[in-house]
Every structure is written in C-alpha cells, then in structure tokens.
Amino acid sequence: MELLMQFPVAFVLSVFTDLTMWLTTSLTLESYFLKVISLIIGCIILALGICLEVIADVTMISAEYTIQFATMRFKKDFGTIKIGFDVSLVIIAIICSLVMSGNIEGVREGTVITALLTGPFVRIIMPRLFYLRNWLTGTTATTATSKNTNNTNLPLVITISREYGSGGAQFR
C-alpha cells in the first residue's frame, strides 16, 4: 500500500511545483548575486520540507525508495547515496543533452548547486527538529538514541537530500 501512495504524493508534489512556479513568474531578479541567494533560500526551504517529510514518516516518491533500497543493500548513509544519486542524474542529463541537442540545455550551475547543497542543509536542520519527531512519536531522546550500535548515545540523525528546483529552467 505504501508503494501505491507514491502516485497521489507525486501528483500533489507536481501541483505545488506548478503553483509555486506560477506564483513566482513575476519575480525577475536582475542581479546574478540575488539569483544565487534566491537559489540558496530555495535549497533551505526544500531541506526543511524534506526534514518534515522524514519526521512525519510519510511515503516517499520512487527516487527516494530507490535510494532507500541502495542504502539498505550497500549499508551506506542515505544522504551520501542521495547526493551521489542526484549528481549522477545531473551527469546523465548533461550527457543526454549533449547527445540530443549538441549542447547543454536545461542544466546549469543552479542544478548542480541544488544537488550539492540540499543534503548538507538537511544535516543542519534535522537535529534542530528532533524534538518534533519525539513529540509525534511519543518517544524521548534517550529512547531514540538507544538504537545506536556503538552505544555512544549520540542523537539519531537522518540525512536526506533531494534535487528539485526550477524544473530545469535556466537562470535568465
């Protein structure tokens, strides 16, 4: 059932992506510096959304399920595999663009920055929202930390990154 929940989640995500792109249509930034600041703010908002999704323990879209499987299979950190996955998607997009059009279309520095920055922002935000997870699940910090295998009682931190953004739209 959880796998079938990807369809409505993907639909809602696409509606909100289209809605926010429509709402920001009139936002035209002339300065390259302001465009980069806007991109970084977008990465922070995206990271916050990812943290809230993880804390709520809702279904994931297919890309995250793929990464979750790779995490379990290779026993590596989710965030590390996700960043590698995002970067590999950017590389595949560049290769496809070069093969099909002869030049790079739709992939610029904003796409690369988003793929590289979202994961670290999640790592910064998630521990600060740890109390929310405890409140939602009814557990305490000591209950959550007791799951550590090395018994150092460090807080449980889940790192996830996700690449969304301008839908491939270039900075103008």
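The values are calculated or read from the model by the stated rules, or taken from the named source; none is laboratory data. Fair warning: this is a prediction, and the values are worked out from it, not measured in the lab. All Cβ positions, glycine included, derive from the backbone under ideal geometry; neighbour counts span all protein chains shown. To get the accessible areas, we keep the full protein, side chains included, count just its heavy atoms, and leave off ligands, DNA and RNA. Shrake-Rupley method; radii C 1.70, N 1.55, O 1.52, S 1.80 Å.
Given (1) out of contact with any Ser or Thr (no Cβ under 7 Å at 6 or more places or on another chain); (2) open to solvent by less than 70 Å² (accessible area, probe 1.4 Å); (3) of a type in the set (A, V, I, L, M), identify the lone condition not met by VAL90.
It is condition (1) that VAL90 fails.
Looking at this structure, is LYS76 basic (Lys, Arg), more than 27 Å from TYR32 (Cβ to Cβ) and exposed (fewer than 14 other Cβ atoms within 10 Å of the Cβ)?
Answer is yes for this residue.
Inside region 119-134, can you point out the residues that are touching a Gly at 6+ places or on another chain (Cβ under 9 Å) and at pLDDT 80 or above?
Of everything in region 119-134, just one residue is touching a Gly at 6+ places or on another chain (Cβ under 9 Å) and at pLDDT 80 or above, namely PRO120.
Out of curiosity, is LEU98 at pLDDT below 80, outside any loop (DSSP other than H, G, I, E, B), out of contact with any Gly (no Cβ under 8 Å at 6 or more places or on another chain) and open to solvent by 60 Å² or more (accessible area, probe 1.4 Å)?
Taking the combined requirement at face value, the residue does not satisfy it.
Determine whether THR149 is at pLDDT below 75, open to solvent by 70 Å² or more (accessible area, probe 1.4 Å), of a type in the set (Ser, Thr, Tyr) and outside any helix (DSSP H, G or I). Write out each step before concluding.
Numbers: at pLDDT below 75: yes; open to solvent by 70 Å² or more (accessible area, probe 1.4 Å): yes; of a type in the set (Ser, Thr, Tyr): yes; outside any helix (DSSP H, G or I): yes.
Yes; evaluated as a whole, the condition is true for this residue.
Would you point out which residue out of LEU34, LEU39 is over 14 Å from the mean Cα position of the chain (by Cα) and either of a type in the set (A, V, I, L, M) or open to solvent by 80 Å² or more (accessible area, probe 1.4 Å) (or both)?
So the residue among LEU34, LEU39 that is over 14 Å from the mean Cα position of the chain (by Cα) and either of a type in the set (A, V, I, L, M) or open to solvent by 80 Å² or more (accessible area, probe 1.4 Å) (or both) is LEU34.
Check off (1) in contact with an Asp or Glu (Cβ under 9 Å, 6 or more places away or on another chain); (2) part of a helix (DSSP H, G or I); (3) not aliphatic (A, V, I, L, M) for SER38 and give me the number that stays unchecked.
SER38 satisfies every listed condition except (1).
Of the residues ALA70, ALA63, only one is open to solvent by less than 50 Å² (accessible area, probe 1.4 Å), within 30 Å of LEU136 (Cα to Cα), of a type outside the set (Val, Ile, Thr) and free of Cβ contacts under 8 Å to residues at least 60 places away in the same chain; which?
Criteria check complete, one pass: ALA70.
Would you say GLY110 is at pLDDT 90 or above and at positive phi?
Judged against the criteria, GLY110 is not a match.
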